[in-house]
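The values are calculated or read from the model by the stated rules, or taken from the named source; none is laboratory data. All figures in this text were calculated on a predicted structure; none of them were measured in a lab. Positions of Cβ are generated from backbone atoms using ideal geometry, with glycine treated the same way; all protein chains shown enter the neighbour counts. Ligands, DNA and RNA are stripped out before the accessible areas are found, and what is left, the full protein with its side chains, is counted by its heavy atoms. Shrake-Rupley method; radii C 1.70, N 1.55, O 1.52, S 1.80 Å.
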Amino acid sequence: MLYTHLDELREYAKTRLSRVLLEKGGTPQARSERESFTQMYTEDIAKYDAAEHGLCFGRIDVRNPDRDGIDNTEARYVGRIGILDEENDYESLLLDWRAPLARPFYLATPAAPDGVVRRRHIRSRSRQVTALNDEYLDLDAAQAHGDTPIAGGMAGESALLAALNAARTGQMHDIVATIQAEQDAIIRSEHKSVLVVQGGPGTGKTAVALHRAAYLLYTYRKQLAKSGVLIVGPNSTFLDYIGQVLPSLGETGVLLSTIGDLYPGVRASIADTLEAGEIKGNLAMLPVLVKAVRDRQEVPAKPIPLTFDTYRLTLDRKTVTRARGRARSSRRPHNLARPIFVSAVIEALADQLAGIIGTDLVNGGNLLSRDDIADIRSEMRADRDIVAAVDALWPQLSPQQVLSDLIGSRD
């Protein structure tokens, strides 16, 4: 029945996607909506395809007392994605493993059953069930079935051993069917600041971190949909190894990247030596980079002569130093502080020109109004000589340019 609903969901997404792709023209808003729907249905199809293997891997029978205090047992099926019965008042047929109602599947023990009477682990291949394993957490229920409750060790021990004994394929598999209580605590921990997952080699750090990412995408989808999720790996081999984990958990909208591919349009193809990599990655490089940028904020050794509208102006060291100080005091990055520097230089040059052409020889004041001086500043911003002088003193920089000049210099 679950696979019937999965097929229906997939067919609906494919039908909607084909209709959207056939639509043409329209207003900019309509085109934007088509792009959004195309992405949504494409991701839905990928999610349904990824959930094909091991769609449902667990079930918990939960004691659910009614109004009269009579115990009724509610069966909850746990799987990779959530499926609702649209024809039956949207009753839950399959709980997403990240849903709060599915958490007892991972945490329930005989000492703290959380209402769980029985936990069933389901193993399947393609669409055929290959094995079932029941764990009774309630003594009365266990005796009624001629079984004994588990001793409180690992949850789903048989499923865990089966996963450990499975053949290796060269790709990481998810651990969604065998998550232990300690792993669950990390995966579902409160979303705040930085979470560090530590452990020795082979202890499952990467698997837990990937399941954590899937959980965050499920729980905080609205917030994370705006910014996206980026997974950074040391190399492409590692990303290939983990690449199928998140799709198998129902998440397809995650970007994977190596450190060398992080900057858009730049692909690092040469590996540094161990010594060079250690130097570049050291925090001591931070003040070096700061000095490299500040070194581009020059002050002329000699006054720079400029000609504006036949008048001779001078851009001296004192003027540039004052403008540079004003820009630096804003504490903005180099490129964002540049407009402040430009405005200060233009203001000084405009005042200099106003002193030449607007001086009242009788009263010693200035005949130019504020609007006149504002017009002069506007014209100076478009003057080639002034623009060239400003660009030489405080150029617009790119990260590639700074790093290339700095690291490429033997000095």
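Structure above, values below:
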quantity: Matching option when the condition is in a helix (DSSP H, G or I), touching a residue at least 12 places away in the same chain (Cβ under 8 Å), closer than 29 Å to Ile407 by Cβ and open to solvent by 40 Å² or more (accessible area, probe 1.4 Å), among Arg326, Arg338; calculated: Arg338
quantity: From the options Val78, Val62, residue that is within 29 Å of the chain's Cα centre (by Cα) and among the β-branched types (Val, Ile, Thr); calculated: Val78
quantity: Matching option when the condition is among the hydrophobic types (A, V, I, L, M, F, W, C), under 25 Å from Val232 (Cβ atoms), in contact (Cβ under 8 Å) with a residue 40 or more places away in the chain and in contact with a Leu (Cβ under 8 Å, 6 or more places away or on another chain), among Leu315, Leu353, Leu289, Leu349; calculated: Leu289
quantity: Residue that is farthest from Ile340 (Cα to Cα), among those in the stretch 365-378 that are exposed (fewer than 14 other Cβ atoms within 10 Å of the Cβ) and not small (Gly, Ala, Ser); calculated: Leu367
quantity: Tally of residues being within 30 Å of Arg98 (Cα to Cα) and more than 16 Å from the chain's Cα centre (by Cα) across the stretch 248-295; calculated: 3
quantity: Top-ranked residue in the stretch 232-279 [being open to solvent by 90 Å² or more (accessible area, probe 1.4 Å) and either touching a Lys or Arg at 6+ places or on another chain (Cβ under 8 Å) or in contact (Cβ under 8 Å) with a residue 40 or more places away in the chain (or both); ranked as farthest from Gly82 (Cα to Cα)]; calculated: Tyr263
quantity: Selected residue (criterion: surrounded by the fewest Cβ atoms within 10 Å (Cβ to Cβ)) from residues of the stretch 305-323 that are among the β-branched types (Val, Ile, Thr) and under 47 Å from the mean Cα position of the chain (by Cα); calculated: Thr321
quantity: Check on Tyr106, part of a helix (DSSP H, G or I) and not acidic (Asp, Glu); calculated: yes
quantity: Among the candidates Ser378, Ser329, Ser369, residue that is under 36 Å from the mean Cα position of the chain (by Cα) and of a type in the set (Ser, Thr, Tyr); calculated: Ser329
quantity: Test for Ala284: is it on the phi < 0 side of the Ramachandran plot and surrounded by 11 or more Cβ atoms within 10 Å (Cβ to Cβ); calculated: no
quantity: In the stretch 393-402, residue nearest to Asp316 (Cα to Cα) [restricted to those that are touching a residue at least 40 places away in the same chain (Cβ under 8 Å) and open to solvent by 60 Å² or more (accessible area, probe 1.4 Å)]; calculated: Gln396
quantity: Hits in the stretch 210-228 - residues which are without any contact (Cβ under 8 Å) to a residue 60 or more places away in the chain and either buried (at least 17 other Cβ atoms within 10 Å of the Cβ) or charged (D, E, K, R) (or both); calculated: Leu210, His211, Arg212, Ala213, Leu216, Leu217, Arg221, Lys222, Leu224, Lys226
quantity: Leading residue by the ranking (surrounded by the fewest Cβ atoms within 10 Å (Cβ to Cβ)) among those in the stretch 383-392 that are of a type in the set (A, V, I, L, M, F, W, C) and touching a residue at least 12 places away in the same chain (Cβ under 8 Å); calculated: Ala392
quantity: Checklist (1) at pLDDT 85 or above; (2) in contact with a helix residue (DSSP H, G or I) (Cβ under 9 Å, 6 or more places away or on another chain) applied to Glu86, failing item; calculated: (1)
quantity: Hey, Ala292 crowded, with 16+ Cβ neighbours inside 10 Å, small (Gly, Ala, Ser) and either assigned to a helix (DSSP H, G or I) or touching a Pro at 6+ places or on another chain (Cβ under 9 Å) (or both) or not; calculated: yes
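Here's the yes/no breakdown for (1) open to solvent by 40 Å² or more (accessible area, probe 1.4 Å); (2) under 23 Å from Leu84 (Cβ atoms); (3) in contact with a helix residue (DSSP H, G or I) (Cβ under 8 Å, 6 or more places away or on another chain):
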| site | (1), (2), (3) |
| --- | --- |
| Thr4 | yes, yes, no |
| Arg10 | no, yes, yes |
| Leu21 | yes, no, yes |
| Lys24 | yes, no, no |
| Pro28 | yes, no, no |
| Arg31 | yes, no, no |
| Phe37 | yes, yes, yes |
| Tyr41 | no, yes, yes |
| Asp44 | no, yes, yes |
